[in-house]
Amino acid sequence: MSFRIPLKRVNWTTSAFLIGTALISLIFVPIYLYKNGIDWFQSIMFFFYLSATMMSITLGYHRLFSHLAFKAKTPVKLFTLIFGACAFENSALLWCSDHRRHHKHVDHDEDPYDITKGFFWAHIGWLLFKLNPVPPMDNVSDLRKDKLVMWQDRWVHYIGLVVGLILPPIFGYAWYAYVDTTSLTPWTGALGAFLISGVLRVVVSQHLTFFINSLCHTVGRQPYSTKHTARDSAVMAFLTFGEGYHNYHHEFQHDYRNGIKNVSWDPTKWAIWVMSKVGLTSDLRRVSASKILLAEMAEAKRLADLRLAQQAPAKDCPIWQKSSDMLHTLYDQMAARYAELEQIVANRAELSRQVIHQWRQETRELVRQLSRLNRLERV
């Protein structure tokens, strides 16, 4: 059985860029580092450019423009559009169109990066090969009214080239020519800035973004819903400025937060909140705690219903019997809570923090007992 690449569908420009930058990062960056090392200036510039690029995708492209999770003043929009272009993930207009379609048709054929077509397709394959048919851009009429978005859509590649790939070596040359004249020659410093803050930073930021489409639909927990493949991953949240809480995001896509706990690693959420305090962002949208708890309860109840419907035979084991009895007790208690909470949410009322905390703990204890019972049955 032979594998044939559909050459007519290959997106040659995108493929050449993705493969070319990856090869430069894998071959020439290590050679440069071996010969010259890396100093604090190169490190700081890399992390500045990486942070600016990633935050422009997470805060700008994703939460601001795709999901309208908050409103932003011109400086914020301009910054995210400029450094978003430096990610070379297309314009905000095209990015948002694909992403809105992903949410609307997640795990189905119309989903541009449908994980059911395979990990490779969801990660990068949908970019290497032209979508067939090419989806219409009929879902971004609101963004077409934004002059800044349309300006970036027209000049996105030039902005990315100048700000993302030309300015770093200029900064590198200037630093080693006029400030640090002993470490490296200006041209060596410029080359390092181009390779590290330019090319390597593009590759890293792109694949971290791509992992949201692939890994976060493959590995992780699903505490809010199993109606789709999106999963929560604290590891991916750390690597992607908070975007890894993907199961929550797919359930509540218009919330400006992805990590809803105070301790959840979500720098994008914190940046939006801090900027709201100085007037740069406003109208931050967030889902009520009662509605979030209702989703957790619904998923826990679904798992418990499946488990109880199986009617596994009782084991002659005190530990198993105790766990089974506790499961039934917790289930009956949560079922009553769930019915009460459904009515509260329907009436647009809100529970107290104390009650929400208590009910959430009871819900999670039910899930833990389910897992424990399943482990005992496998023994």
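The values are calculated or read from the model by the stated rules, or taken from the named source; none is laboratory data. Model, not experiment: these values are computed from the prediction. When we count neighbours, we look across all protein chains shown, and the Cβ atoms used for this are built from the backbone with ideal geometry, even at glycine.
Put simply, of THR21, THR58 the only residue that is closer than 30 Å to MET275 by Cβ and either assigned by TED's automatic domain parsing to the domain that holds MET275 or touching an Asp or Glu at 6+ places or on another chain (Cβ under 6 Å) (or both) is THR58. Among the residues of region 258-279, the ones that are crowded, with 18+ Cβ neighbours inside 10 Å and among the aliphatic types (A, V, I, L, M) come to 3 in all.
What number of residues within region 109-159 are among the β-branched types (Val, Ile, Thr) and either under 21 Å from THR13 (Cβ atoms) or outside any helix (DSSP H, G or I) (or both)? Of the residues in region 109-159, 5 are among the β-branched types (Val, Ile, Thr) and either under 21 Å from THR13 (Cβ atoms) or outside any helix (DSSP H, G or I) (or both). Return yes when ASP111 is surrounded by 21 or more Cβ atoms within 10 Å (Cβ to Cβ) and among the charged types (D, E, K, R) and no when it is not. Taking the combined requirement at face value, the residue satisfies it. What's the number of the condition GLY172 fails, among (1) assigned to a helix (DSSP H, G or I); (2) on the phi > 0 side of the Ramachandran plot? The failed condition is (2).
Close Cβ contacts (under 6 Å, 6 or more residues apart or on different chains) running from residues in region 255-269 that are polar (S, T, N, Q) to residues that are crowded, with 23+ Cβ neighbours inside 10 Å and not in a loop (DSSP other than H, G, I, E, B) comprise ASN258/TYR245; ASN258/HIS249; THR268/THR58; THR268/LEU59.
Condition check for LEU161 on (1) within 20 Å of ILE82 (Cβ to Cβ); (2) crowded, with 17+ Cβ neighbours inside 10 Å: one failure, at (2). Of everything listed in (1) assigned to a loop (DSSP other than H, G, I, E, B); (2) touching a Gly at 6+ places or on another chain (Cβ under 8 Å), the single unmet condition for VAL106 is (2). Of the numbered conditions (1) under 19 Å from ASP153 (Cβ atoms); (2) assigned to a helix (DSSP H, G or I); (3) touching a residue at least 60 places away in the same chain (Cβ under 8 Å), TRP95 satisfies every one except a single condition; which is it? All conditions are met except number (3).
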